[in-house]
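Single-structure report; data block below.
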Amino acid sequence: MTEKQVPENALRMLQVFEEGKRFTEDLMKENENLRLVVAKLKNESKELEKKYIQVDVPRMREKMRILEAELHESREENEELRNQFSSVEEENREFADRYIQVERQNSDLINMYVATYRLHSTLDYDEVLQVVKEIIINMIGTESFGIYLIDEKEKRLVMIANEGLDVQSNESVPLAEGSLGKAAQTGQIVLREDVHTQNADSEPIACVPLKVGDRVMGVIGIQSLLLQKDGFQALDHELFEMLGGHAATAIYGARLYSVSERKRSTLEGFIDLIKSDGS
């Protein structure tokens with residue numbers, strides 16, 4: 001290596017050193033600028049944070065409080081409306097039940113009117129008994145029963161018609177015995193509580209006196225009800241009262257008419273016989 005080359009190498013290294021120094025200084029300046037930018041951003045962030053904490057957060061809290069109050073009020077209104085709806089729904093149900101009940105009562109009244117009309121529309125004794133039997137079966141819902149008239153001379157209740165009983169139509173019972181006799185003597189309806197308990201010697205579950213005015217002329221003895229009927233309702237008691245009066249009057253009138261017709265026929269036959277003998 002010559003003396004000339006040594007200074008050249010040293011000069012080149014000096015140049016590289018100078019370039020490295022300038023690059024380092026530039027990097028330091030750039031880092032300082034970035035540090036200032038970061039510090040500025042931090043300051044701005046803190047200012048924004050302070051601004052929102054001092055202004056927006058309290059306002060938002062107030063809005064939240066107002067919204068919560070409105071929500072609570074809305075819930076109370078909804079609960080009140082729900083209660084009102086339930087009350088109206090219950091009233092509608094009651095009105096519907098009442099309407100059905102009134103319709104049923106109207107239908108029952110119509111049926112009772114038709115039944116009483118049929119009772120008094122004929123003087124045929126057998127037809128009157130048949131109408132009475134149909135009323136007892138269809139309107140009261142009975143399965144077996146007997147219709148009795150009082151024999152004052154024998155002091156007995158004589159059966160004149162029945163349905164579902166394995167007995168003769170002229171069977172009789174003492175006037176002073178059992179629930180039939182009690183109904184006949186007191187003129188009051190006699191009912192039994194266990195309507196579906198039956199045996200061969202069971203008393204009737206209902207005894208309805210047949211009265212013309214205050215005079216008892218017979219008794220309807222209901223022995224059993226249809227299986228779908230649990231017991232006697234208010235309408236049944238009204239039917240008992242109706243049967244006790246109207247059925248008794250119809251039977252009594254038809255019986256008198258039947259007797260008078262037989263007497264008239266007998267008298268006419270006797271007169272015709274006298275006329276034929278005289279001729």
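Read the figures in this text as sums done on the coordinates, not as results from a lab. Note that the coordinates shown come from a computational prediction; the quantities given were computed from them, not determined experimentally. Glycine also receives a Cβ, built like all others from the backbone with ideal geometry; neighbour counts cover every protein chain displayed.
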With unit charges on the beta carbon (Lys/Arg positive, Asp/Glu negative), name the residue among Gln228, Val259, Phe145 whose Cα is farthest towards the positive pole of the charge dipole of the range 125-266.
Val259
Compactness of the range 96-153 as Cα Rg over 2.2 N^0.38 Å, two decimals
1.46
Note the count of lysine pairs whose C-alpha atoms are less than 23 angstrom apart in the range 125-266, limited to pairs 8 or more residues apart or on different chains.
9
Over 19 Å [Cα-Cα, the range 125-266], rounded percent
48
Restricting to aspartates and glutamates and to Cα separations under 18 Å from Lys40, and discarding same-chain partners fewer than 8 apart, the set is Glu30, Glu32, Glu49
